[in-house]
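J.: One structure is given below, represented as structure tokens, and several questions about it will come after.
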Amino acid sequence: MTADNNANSRSPTMRPLRLLLITGPLLLAGCDLLGIEGASAVAARREAEGKAIGAACRHAGRAIEDCYGMNKRADKAAMFAGWREMNDYMRENKIEVVAPAPPPPPAEGEEEHAAAGSDKAK
């Protein structure tokens, strides 16, 4: 067997591998186009949401423990970081706490519907 015959005999099995090596990265890059988030993107989003929740709690004058209790699914470390950053910002700029507004009272029809629903639950 010559060197040319040896190279030609490996060529059919190498073609799919070469094709995979060339198209693999292109296919994986297409995942972003499909809207599939990577682990780092999910972690960054969770941290940003936690910081926003913590900052909002501090601005509303809520204790960090209350914030944890109301947002059980959020990242506690990120919530604390946001709460602390907002606390420092409010102190530096002498910003007062903004008390959260109570929810609006239900309309008359909604009160009757809610009362009927609670009677059924008993």
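The values are calculated or read from the model by the stated rules, or taken from the named source; none is laboratory data. What you see is a predicted model; the values in this text were computed from it and never measured. All Cβ positions, even for glycine, are placed from backbone atoms using ideal geometry, and neighbour counts span all protein chains on display.
J.: State yes or no: is residue 4 surrounded by 10 or more Cβ atoms within 10 Å (Cβ to Cβ) and at pLDDT below 75?
T.: Spelling it out, it is not the case that residue 4 is surrounded by 10 or more Cβ atoms within 10 Å (Cβ to Cβ) and at pLDDT below 75.
J.: When residues of region 14-58 are filtered for being modelled with pLDDT of 75 or more, under 30 Å from residue 68 (Cβ atoms) and surrounded by 10 or more Cβ atoms within 10 Å (Cβ to Cβ), how many remain?
T.: Of the residues in that region, 19 qualify.
J.: On the basis of being surrounded by 10 or more Cβ atoms within 10 Å (Cβ to Cβ), modelled with pLDDT under 95 and not in a loop (DSSP other than H, G, I, E, B), does residue 66 make the cut?
T.: Taking the combined requirement at face value, the residue satisfies it.
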